[in-house]
Amino acid sequence: MYNWPHGHDVAARRRACAGFPVAARGQTGRGAIDVPAGVDAALSIPVAVVNGARPGPVLAIVAGSHGTEYASIIAVERLIQQLDPKTISGTVILVPLVNIPSFEQKVAHVNPVDGKSMNRFYPGKADGTQTDRASLAMTREVVEKSDHLIDLHGGDLDESLRPYSYWTKTGNDRQDGISREMLLAFGLDTIIIAADRPKDPAASRYLENTASTRGKASFAAEAGHAGTVDTDDVNALVNGCLGVMRDLKMMETGPAPIESPVWIERVATIASDANGIFYPLVKRGTYVQKGERVGYVTDYLGSTILEARSPENGVVLFIRAVPSMTKGETIANIGVPATSK
Ligand SMILES: [Zn+2]
């Protein structure tokens, strides 16, 4: 299927992989997005290109901007194994792990090389730190080459998250209609309406928003929690991507769309104003009432110093998964369902 040398010569495999993959129709190519060294080290981001036997749209599927959101990374790994170019119309660009330093060092949220989130510095720049340069390379090699993009995330090591996706409203009705249909095809039952994303393509901030502000109907989705690789979470993301490919007519069959998801019109964040030990009282996905306790924080000798209450009626999108709590950190995000849709 691919052109790596046989045997176990890892260095030879790496050399064979360098550069963005070239794949003939009906073939899968494997290679890398090369981020040159600058004020800090170079980075090589692995990428597979599944070039379908017939023409069609180019769909990018990305995971691992946060390298410890494992379920989403494993979902893209599975898609690389599973997608058969002979049965596909169009091209799928698959990037399973953007933030390799985070994955290798098991550091949540940021790239440990420069301390930056790898989903906050798009469209990137050539003279910045590794995250800035990697973001620029992703913009050029992945976003600009694709018609649509799906950015996969999951609850990070410290987040107990229930699956959901985001619908970014750009204000372009036609594009927003396509992305809405893609989200229904993806099939997660809870969709956050994000109307506050930057509209300037030169300051797009997020990967998905880099595609959306360039006129490409796209979305982000999350499934996974607290460092686990749950079969249900991985399946939800894999089947979601296959559903979108069916919707975009890149495959003849695929999972059915969801008909009536819960639309979340705003997200209320409960943050801690103290350092201490966090004890949750509700699980991810629980519906809570305004004023209901979702958890509490004690000092290190067991005295309660903070009661966390929900500011709204809504669903627990995620709640902190670990006892470590510091001032300013998120205790929970509560999604408020849209009253009319
Ligand atoms: Zn993430």
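Values as computed for the structure displayed
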{"read-out": "The stretch 281-317: trypsin sites (Lys or Arg not before Pro) in DSSP coil with no more than 16 other Cβ atoms inside 10 Å", "value": "K283, K290"}
{"read-out": "Computed [θ] at 222 nm, deg cm²/dmol, the chain (DSSP H ≥ 4; -39,500 (n - 2.57); rounded to nearest 500)", "value": "-6500 deg cm²/dmol"}
{"read-out": "Mean accessible surface per residue for the stretch 250-289, computed with a 1.4 Å probe while every protein chain stays in place, in Å²", "value": "61 Å²"}
{"read-out": "Under Karplus coefficients 6.51, -1.76 and 1.60, residue-wise ³J(HN,Hα) of the stretch 93-103 in Hz, glycine/proline x", "value": "9, 10, 10, x, 8, 6, 9, 4, x, 5, 4"}
{"read-out": "Probe 1.4 Å - accessible area at I33, Å² to nearest ten", "value": "0 Å²"}
{"read-out": "Across K145/K169; K169/K249; K169/K199, pairs whose alpha-carbon gap is larger than 18 Å", "value": "K145/K169; K169/K249"}
{"read-out": "DSSP-defined beta bridges in the chain - what % are antiparallel, rounded to 5", "value": "70 percent"}
{"read-out": "Global geometry of the stretch 239-331, whether rounded, prolate or oblate, following the gyration tensor of its Cα atoms and the 1.5 cut on a/c", "value": "prolate"}
{"read-out": "Given 15 as the ceiling on other Cβ atoms within 10 Å, longest exposed-site-free region of the chain for chymotrypsin sites (Phe, Trp or Tyr not before Pro) in DSSP loops", "value": "3-299"}
{"read-out": "5 angstrom amide H check on V58, placed H, neighbours 5+ away", "value": "T91, D147, H148"}
{"read-out": "Restricting the stretch 240-270 to GluC sites (Glu not before Pro) in coil, as DSSP defines it, with at most 13 other Cβ within 10 Å", "value": "E252, E259"}
{"read-out": "Carbon plus sulfur fraction of accessible area for the stretch 68-166, probe 1.4 Å, in percent", "value": "50 percent"}
{"read-out": "Relative contact order (%) - the chain, alpha-carbon pairs under 8 angstrom, separation at least six", "value": "15 percent"}
{"read-out": "Residues of type lysines that K106 reaches as a straight line, Cα spacing below 25 Å, ignoring anything fewer than 8 places off in the same chain", "value": "K116, K283, K327"}
{"read-out": "³J(HN,Hα), Karplus 6.51/-1.76/1.60, whole Hz, each residue of the stretch 77-87, x for Gly, Pro", "value": "4, 5, 4, 4, 5, 8, 5, 9, x, 5, 9"}
{"read-out": "Note, ³J(HN,Hα) from phi for the stretch 281-287, Karplus 6.51, -1.76, 1.60, rounded to Hz, x at Gly and Pro", "value": "10, 10, 9, 3, x, 6, 8"}
{"read-out": "Accessible area per residue in Å² at 1.4 Å probe, computed on the stretch 83-151", "value": "35 Å²"}
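The values are calculated or read from the model by the stated rules, or taken from the named source; none is laboratory data. Keep in mind it's a predicted model, so treat the numbers as computed, not measured. Because the Cβ atoms are built from the backbone with ideal geometry, glycine has one as well, and the counts that use them run over all protein chains shown. Please note that ligands, DNA and RNA were not included when accessible areas were found on the heavy atoms of the full protein model with its side chains. Shrake-Rupley method; radii C 1.70, N 1.55, O 1.52, S 1.80 Å.
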